[in-house]
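Here is the structure we will look at, set down as structure tokens.
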Amino acid sequence: MAEVAARLSAEPALRPGSIRVEVHGGTVILHGAVRGIGEWQCALANAALVSGVRSVADFLVLERGARTVDCLAPRPDSSTILAP
């Protein structure tokens, strides 16, 4: 899904090229590194907003960084991130 990669690269809160996207069916897998919980939440939210995405799995490395960022995507509900 090129749409997911395009959405992530257009997000000003994320470093360009820091996240690689892999897609298997409706599951998006994110690889790379983000700085802080804020960027992590922003990456997950942006990926989940793309039409056709059923689930997002992250293999992102969490580096020291900010707890919040100015993300264009709405902040996800924590139950969405932690749902089984």
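Indicate, rounded to the nearest 5 percent, the antiparallel portion of the DSSP beta bridges found entirely in the chain.
40
Search the structure for amide H atoms under 5 Å from the amide H of Val69, placed 1.01 Å from N in the peptide plane, and list their residues when 5 or more places away or on another chain.
So Val69 has HN proximity to no qualifying residue.
What order do you get for 36-44, 58-66, 21-29 when each peptide is scored by the mean count of other beta carbon atoms within 10 Å, highest first?
Descending mean neighbour count gives 36-44, 21-29, 58-66.
Under 5 Å between amide H atoms, partner at least 5 residues away or on a different chain: which partners does Ala13 have, H built in plane at 1.01 Å?
For Ala13, whose amide H was placed from the backbone, the distant partners under 5 Å are Leu72.
If you plug each phi of region 44-49 into the Karplus form 6.51 cos²θ - 1.76 cosθ + 1.60 with θ = phi - 60°, what whole-Hz ³J(HN,Hα) values come out, in order, with x for Gly and Pro?
5, 5, 5, 5, 5, 7
Every number here is computed from the coordinates shown, using simple stated rules; none is lab data. As the structure is a computational prediction, the values presented were derived from the model and not from experiment. No Cβ is skipped: glycine too gets one built from the backbone with ideal geometry, and neighbour counts run over all protein chains shown.
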